[in-house]
Amino acid sequence: MNIRFNILALFGFWLMLAPQLLKAQNPIITDVFTADPAPIVYDQKVYLYTSHDTASVSSTNYEMKDWLVFSSSDMVNWTNHGPKLSPKDFSWATGDAYAAEVEERDGKFYFYVSTFHKDDERSNGGAAIGVAVADSPLGPFKDAKGEALIYNEMTTDNPHGWDDIDPTVFVDDDGQAYMYWGNGSLKMVKLKDNMVEIDGPIHYYNPKNFIEGPWVYKRKDLYYLVYASQGEERERIEYATSSSPEGPWNYQEVLAESAPNSFTIHPGIVNYKGKDYFFYHNGVLPTGGSYRRSIAVDNMHYNEDGTIQKIEQTDEGVRPVE
Ligand code: FUB
């Protein structure tokens, strides 16, 4: 009787502790190849918007047809909601579905995407940014403008045709929205309250070693610009801070080293239930690589002065959140 009771008690104790002992595995998504993580927290869940790598093993370029959405309540178990948007949903677009990000405002979800413009009367082609909108984080998303928000001819500081990629949108406490993006240089423009029109001129910045993939957010009174940068052989992540969303941006340091088996790395940051998380992608899944990437997540820690401790990229990932 006593022995049986003790065994049952031990089993109950183990069941209670198990969630704390368990960890996710990195990469967190293993059934498809995903890249360019863009997490948001909404209604007690993390929604993770991702690029979708479909290139063959022998391919030497991207093949990216749509954007996927995943969600989780514990940062460990992720539900795949499938493709929710594609360049085909924008009448003016053609080509690949590069990095995207979703921003919620007043119950609407704005899906900012980088893709490519058709050669037409508005643009001669090249990378462009569009925005779709929905009433739910899972869509259905529809082109909010019927035309690109940013196209190649609108930015003049870089001659290459793919400099208008990787949008990230940040809404400050006073309600002003800012969009940042770029490859080769960082660009910023204010958005109107409707989130689908630009408001004023485009500003240009050259953060140290900047390549692409900006992620901008505010913590306490400090603004953070985290970005993919020129590493030794592959991209890595560096960051800068500012007392204003308009800069100037003060360079800090390398935040994450290059990701294994992937030329690119791309940041996505959230605070969920009091903990800070750093999403990125690598190429470590079987048959993975620079065009067959996979998303991982690790813990992020701030120092007292607001600087961020270097990210440790782990195989184990993070512990489940209750
Ligand atoms: O995924 C395509 C491109 O690779 C993204 O737009 C960049 O940030 C890099 O991750």
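Descriptive notes on the structure:
- Using a cutoff of 8 angstrom between alpha carbon atoms and counting only pairs six or more residues apart, the relative contact order for the chain works out to 17 percent.
- Judged by the mean number of other Cβ atoms found within 10 Å, the most tightly packed of the peptides 169-175, 48-54 leads the ranking 48-54, 169-175.
- 27 Å Cα-Cα reach of K142 towards lysines, excluding residues that sit fewer than 8 places from it in its own chain: K45, K65, K84, K88, K108, K118, K187, K190, K192
- In the context of the full set of protein chains, the chain has a per residue accessible area of 45 Å² (1.4 Å probe).
- Region 218-273 and region 38-52 have Cα centres spaced 19 Å apart.
- Per-residue Karplus couplings for region 50-55, computed as 6.51 cos²θ - 1.76 cosθ + 1.60 with θ equal to phi - 60°, are listed in order as 9, 6, 9, 7, 10, 5 Hz, Gly and Pro entered as x.
- Mean Cβ neighbour count within 10 Å, used as a protection proxy, ranking 193-203, 65-75, 247-257 highest first: 65-75, 247-257, 193-203
- Rounded, prolate or oblate (a/c below 1.5 giving rounded, otherwise prolate when a/b exceeds b/c) for region 252-322 by Cα gyration tensor: oblate
- Overall form of region 17-102: oblate. Here a/c, set by the Cα gyration tensor axes a ≥ b ≥ c, is 1.5 or more, and a/b is not larger than b/c.
- Cβ-derived FRET efficiency at R0 35 Å, N124 paired with E304, nearest 0.05: 0.10
- Percent carbon-and-sulfur accessible area, region 2-300, ignoring ligands, DNA and RNA, probe 1.4 Å: 50 percent
- A Förster radius of 30 Å, combined with the Cβ-Cβ distance separating N61 from K273, puts the computed FRET efficiency at roughly 0.15.
- Amide H within-cut-off set for L255, under 5 Å, with H built and near neighbours excluded: I237, E238, Y239
- FRET efficiency for the pair E104 and D193, taken as 1/(1 + (r/R0)^6) with r the Cβ-Cβ distance and R0 = 25 Å, rounds to 0.95.
- Cα long-axis angle, helix 2-21 against the chain (0 to 90 degrees, to the nearest 10): 10 degrees
- With an a/c value of 1.5 or above and a/b larger than b/c for the gyration tensor axes a ≥ b ≥ c computed over the alpha-carbon atoms, the chain is described as prolate.
- For the chain, the 222 nm mean residue ellipticity estimated from helices alone, with every DSSP H stretch of n ≥ 4 adding -39500 (n - 2.57) and the total spread over all residues, rounds to -2000 deg cm²/dmol.
- Largest accessible area first, the listed residues K220, K88, K190, K273 line up as K88, K220, K273, K190 when surface is computed with a 1.4 Å probe on the assembled protein chains.
- Heavy atoms of R234 accessible to a 1.4 Å probe, total area in Å² rounded to 10: 80 Å²
- In the elastic network of the chain, a GNM with C-alpha springs shorter than 10 Å, the most mobile of N61, N299, N282 is N61.
- Taking amide H positions as modeled 1.01 Å from N, with prolines and chain starts lacking one, the residues under 5 Å from I150 and 5 or more places away or on another chain are I129.
The values are calculated or read from the model by the stated rules, or taken from the named source; none is laboratory data. All values derive from a computational prediction rather than experimental measurement. Here Cβ is always computed from backbone atoms with ideal geometry, including for glycine, and neighbour counts include all displayed protein chains. Quick note on the areas: whole protein, heavy atoms, side chains included, nothing else; ligands and nucleic acids left out. Shrake-Rupley method; radii C 1.70, N 1.55, O 1.52, S 1.80 Å.
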